[in-house]
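The values are calculated or read from the model by the stated rules, or taken from the named source; none is laboratory data. Treat the numbers as computed from the prediction; the structure is a model and nothing was measured. Glycine also receives a Cβ, built like all others from the backbone with ideal geometry; neighbour counts cover every protein chain displayed.
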Amino acid sequence: MKKKVLTIATAAALVALAGFSVHANTTTASTTQGITQTQAEDIALKDAGVSRDQVDTMYAHSDLDNGISVYDVEFTADGYEYDYEIKKQNGRIVKQDKEAAKTNVQPLIKAESETTGSSDNKTTAADSTSAGNNTAITKEEAKAIALKDAGLKEADALFVKVEEDYEKGQLIYDVEFYGNGREYDYEIAKNDGTIVKKDSEIDDDAKEKEQAAASVAITMEKAKSIALAKVSGAGNNNIEIELDEDDGQAVYEGEIRYQGKEYEFKINARNGAIIEWEVDTDD
């Protein structure tokens, strides 16, 4: 009789242990599965500053990006199209993109009167547009707009390009920079500072480029003047230039188009020496 009781007790203990093991395995599995699709949607919405009741359409699905499991979250809200890639494992935003919807372009930068509640002596984006090019922003202002949107200080960013361009018939500033291990690309309307499009993604080489930038001793404007000095008559409207990294060395790379010729160059960003200079006929 005593042996039977012990057998029953042993069996009960084994069942309890088995139950604990199943529970432990379930818990472990749930923690290694990563985030859910709904959580990925919430992460994207929070980053965009958009609530669910503001969303017009949303589509999310699982995907693979370079062998990494991600959620691709796309949605539209307030006249903009958003596209996010979010890592399943930890909810990290791998890539994000935002641009004005084709059917409804609205400015991202609100007028000061909208944010402060005062309308006296304030100029709205609409007023700026109707006033013409008198209110056009400068390159420095375009940089400031992009940095503010990215949540970075200028000291923490490596700018590789700030130049004028045309996009769909609109004069814009194309602003590209690195910061916090990411690559950022902005298109900002010159006439009123509207962010027309923005894109950011993790860049595995960003840290190397930022380290190379630590050796930069001359400004982009100084590099421009060095290059332009070699082409008599050419001015700022004839040159395109950006900061780049070449074999661990920070360089300014660009080209000058003037009087049917194209001048390509590289300038050492530490000492201003011209590393490369080529002249071709501009087709």
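See the values below:
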| item | result |
| --- | --- |
| Any hit, the stretch 48-63, residues being crowded, with 19+ Cβ neighbours inside 10 Å and out of contact with any helix residue (DSSP H, G or I) (no Cβ under 6 Å at 6 or more places or on another chain) | yes |
| Some residue of the stretch 266-274 being at pLDDT below 90, among the polar types (S, T, N, Q) and within 24 Å of ALA155 (Cα to Cα) | no |
| Breaking point among (1) of a type in the set (D, E, K, R); (2) touching a strand residue (DSSP E or B) at 6+ places or on another chain (Cβ under 7 Å); (3) over 16 Å from LYS198 (Cα atoms), for ASP47 | (3) |
| Residue in the stretch 206-224 that is closer than 18 Å to GLU276 by Cβ, surrounded by fewer than 17 Cβ atoms within 10 Å (Cβ to Cβ) and modelled with pLDDT of 90 or more present | yes |
| Residue ID - nearest to the chain's Cα centre (by Cα), chosen from residues in the stretch 251-279 that are touching a residue at least 40 places away in the same chain (Cβ under 8 Å) and surrounded by 14 or more Cβ atoms within 10 Å (Cβ to Cβ) | ALA269 |
| Subset of the stretch 43-52 (residues that are assigned to a helix (DSSP H, G or I) and over 20 Å from ILE202 (Cα atoms)) | ARG52 |
| Scope the stretch 238-262; condition outside any strand (DSSP E or B) and either farther than 20 Å from PHE159 by Cβ or at pLDDT 85 or above (or both); matching residues | ASN238, ASP247, GLN259, GLY260 |
| When residues of the stretch 162-191 are limited to those that are assigned to a strand (DSSP E or B) and among the small types (Gly, Ala, Ser), the one nearest to the chain's Cα centre (by Cα) | GLY179 |
| Qualifying position, being at pLDDT 90 or above and crowded, with 16+ Cβ neighbours inside 10 Å, among LYS197, LYS148 | LYS197 |
